[in-house]
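Taking it in order: structure first as structure tokens, then the write-up.
What follows draws every value from the coordinates through simple rules; no lab data is involved. Everything numeric in this text was worked out from a predicted model, so none of it was measured. A quick note on method: Cβ atoms are made from the backbone with ideal geometry, for glycine too, and the neighbour counts reach across all protein chains shown.
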Amino acid sequence: MKKLFQSYAFMLIAIMTGIFAAFLDVSFIALFAESIKAIFMNFLKLIATPIVFLAIVATISNMQGLNEMQNLGKRVFGYTLFTTLLAASVSLALFLIIDPAKNLEIGLEGKEILQNESYFSFFLNIMPGNFVQAFLENNVIGVALIGFLLGIAILKLPKENSIFLSSMFSSLFKALLKVAEFITIFIPLAIWAFTFLLVKDLRGNFGQFHSLVLYLTVVILANIIQGFVVIPIILKMKGISPIKTAKGSINAILLAFFSKSSNATLPLSMEVAEKKLGISSKVASFSLPLCTVINMNGCAAFILATVLFVSKIYGINSSPIGLVTWIFLATLAAIGNAGVPMGCFFLSSTFLLWMNVPLTMMALILPFYAFLDMIETALNVWSDISVTAILDKELKQSERKRLGEESFESKCSA
């Protein structure tokens, strides 16, 4: 907790000093802030696409086999996919209603962009011409497809080869996460620089500030509606009390909010699931770790709203089919977000790079991302526990039904 408070204190100091420095109007400070921004943005470009690839390969290749992927995780994956799709859909609905970018379009001045309306071209470009091309062009969908195919292929190899390759890709993924963790040490400095540039740019430009506030409203409202409306309705439909589940989960949700880490909250999530909600240890120990990896409701809402907001500012408008496509893209990207520091931010940046959209607006969003991440993580943990409660009830009902049938058969035999 001490480290958490220190982290928040540093971020608050960075924001306050960034605001103060912006009003000094000193050219040297502006040059320094621009340099920090350039370094951080180059780092985003360096790490974003490889993280997507290695996360998918490492996750799939470390499964015990195709049967585990097909059978053991079928129920959990089904519910997490369903709730994540709903979260992205809620985010899209709010984006269309509020339309945060309606009064702010910068344009790309002839820069070549990905046309969302060219869907046949889009699907043709999913499979890149060669392995390196996908990374060079930041083709995140192509990279994800390669990662998925490679992960499945590794599972089909002889055991000795499968173990070696899965260990290698897992080690590479962990090494890349260490690189990402290293750069997060300098997040307060980056927040200072981006806050400085944000205030400097917003001075006298109310339209840009107004659009940013509306965008933040979309993301926060999407998380609130998903957490307070959508998930409770799903629980109620399954015959589970949302209030009782929320009361039993509150400690884990609060820890998730302040720690911004589903992984760090996992031990407490398992404890409250078993001791306060009566979920069986077998179900909790299987479902919650898996949900922590793939159940990213908040991330899907953030990715969809962010990509649509930034791309629309630069004059890229999606057709109705394109908007529906983004629901699925945001969902798949969120599921591949496992354990990545600032993963939603990186993945949104990766999509924008793929679309040839400048990342300038991402710099303006960064100072607010820490708070958004807190809300998203709390929502993710709340959804994890809710999915686990549903799974536990269904399995108990199935077990009672099986025992009842066996008892009936025994009586008939007698």
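Extension gain for Ile185 to Ser398 (0.36 nm times residue separation, less C-alpha to C-alpha distance): 71.8 nm. In a fully extended conformation the segment linking Ile250 and Leu172 would gain 24.5 nm over its present Cα-Cα distance, using 0.36 nm per residue.
Between Phe131 and Ala38, the modelled label-to-label distance comes to 3.4 nm, taking each label 7 Å out from Cα in the direction of the beta carbon.
Model label points for Ala9 and His210, set 7 angstrom from Cα along the Cα-to-Cβ axis, are 4.0 nm apart. Phi-derived couplings, Karplus 6.51 cos²θ - 1.76 cosθ + 1.60 at θ = phi - 60°, listed residue by residue for segment 232-237: x, 5, 4, 4, 5, 5 Hz, with x used for Gly and Pro.
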